[in-house]
Each structure stands twice: as structure tokens, then as C-alpha cells.
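Please treat every number below as a calculation from the coordinates, not as lab data. Everything numeric in this text was worked out from a predicted model, so none of it was measured. Glycine gets a Cβ as well: all are built from the backbone with ideal geometry, and neighbour counts include every protein chain shown.
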Amino acid sequence: MEDESRKGTVNLAILCLNLYEDMERKQGIAQCRIKPLPKDNAFDKEVVLKEYIYHALYTAICELIGNYYNEDEQVVVSTYQTGILVLGLDISYGELMEVCKEESNKLQIQKSRLGLALAFLRLEQVKIEQLYGGNGEGIGFALLNRGI
């Protein structure tokens, strides 16, 4: 039986804002130009999210910003469908997938916090994808099968 105390229902917009607030306090990230931008429909969406998945998502986003921040760009942490979108990073989807790639049903992880966080998210069925929008291209983290 699943431990109900280890999961919680979170509004998608609040999740986006919480990630941003936590990043504001992180050393090395605080000086980056980051803007939270939850879409209006995100206030109507709820996701079921375990605390450890939140921490892995937070770690992955902080590592992405810390390693691939472009000083000429503003990083935007936004929402889409039932996920979180990060725009304004200087990394391609192909480069990101090299950090944690799957071959023969095995994950090959680059020795880094980002690689470990991505592997964990993938094992927890968080889909990592490249998205294109009006604000450019970004990396999306779809919280699949977690909507209610």
C-alpha cells in the first residue's frame, strides 16, 4: 500500500512559484536572472507530487541553470500542460540526453548531480522533453500520470 503521507496534491502554478522561491535562496543561482511565469491555466491544474520527486526536479533545474545559464538570456521557469518548463538555457536537448541516456534498457549516467537527478526523474516516469514555444525553446518536465 502506498504511503499517503509521502505524497501531496499541489497546484501547478504554486509548484512553479515554489521552485522559483527555493532557487532564489540557492547560492550560485541567486545572481542569475530568473523569472517565474506560470501560465493562467496552471492555477486550475493540480498534480500529485511526492516530496522526493519535487527535490529531484528542483535539483535538476538548479543544475541546469548553474551549468547552462547564458548571461545574455533571462531564464524563465514556466508551466505547460501538467509540467514545468525552463526556457533560456544554453543546452540542446541532445546534450541533455547525453547526461543520462538509456541503452539496452539501462541508464548510463554522467557522473554529476544533474545526471543522477535526471535518472531518478525518468525512473519516476517524469518525461523530459524539448519544447518550442513563443518564448523560444526549453526543457520540459512532464509530471505524467500525476494529474487529478
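Once you place label points 7 Å from the Cα toward the Cβ at residue 22 and residue 132, how far apart are they in nm?
Label at residue 22, label at residue 132, 3.2 nm between them.
For the range 122-131, just list the computed ³J(HN,Hα) in residue order, Karplus coefficients 6.51, -1.76 and 1.60, θ = phi - 60°, integers in Hz, with x standing in for Gly and Pro.
Result, ordered by residue: 5, 5, 8, 6, 8, 7, 9, 9, 9, 10 Hz.
Using amide H atoms built 1.01 Å from N in the peptide plane, name the residues 5+ places from residue 50, or on other chains, whose amide H lies under 5 Å from its own.
Hits under the 5 Å cutoff: 8.
Modelled label-to-label distance, residue 90 and residue 113, 7 Å Cα→beta-carbon offset: nm?
About 2.0 nm, to one decimal.
What is the magnitude of the charge dipole of the chain about its Cα centre, with +1 placed on the Cβ of each Lys and Arg, -1 on the Cβ of each Asp and Glu, and no other charges, expressed in debye to the nearest 20?
260
From the residues 130, 116, 142, which one has its Cα farthest along the dipole of the range 4-143 in the positive direction, the dipole being from +1 and -1 charges on Cβ of Lys/Arg and Asp/Glu about the Cα centre?
116
Write down the Kirkwood hydrodynamic radius of the chain, to one decimal in angstroms, obtained as one divided by the mean of 1/r over all alpha carbon pairs.
15.5
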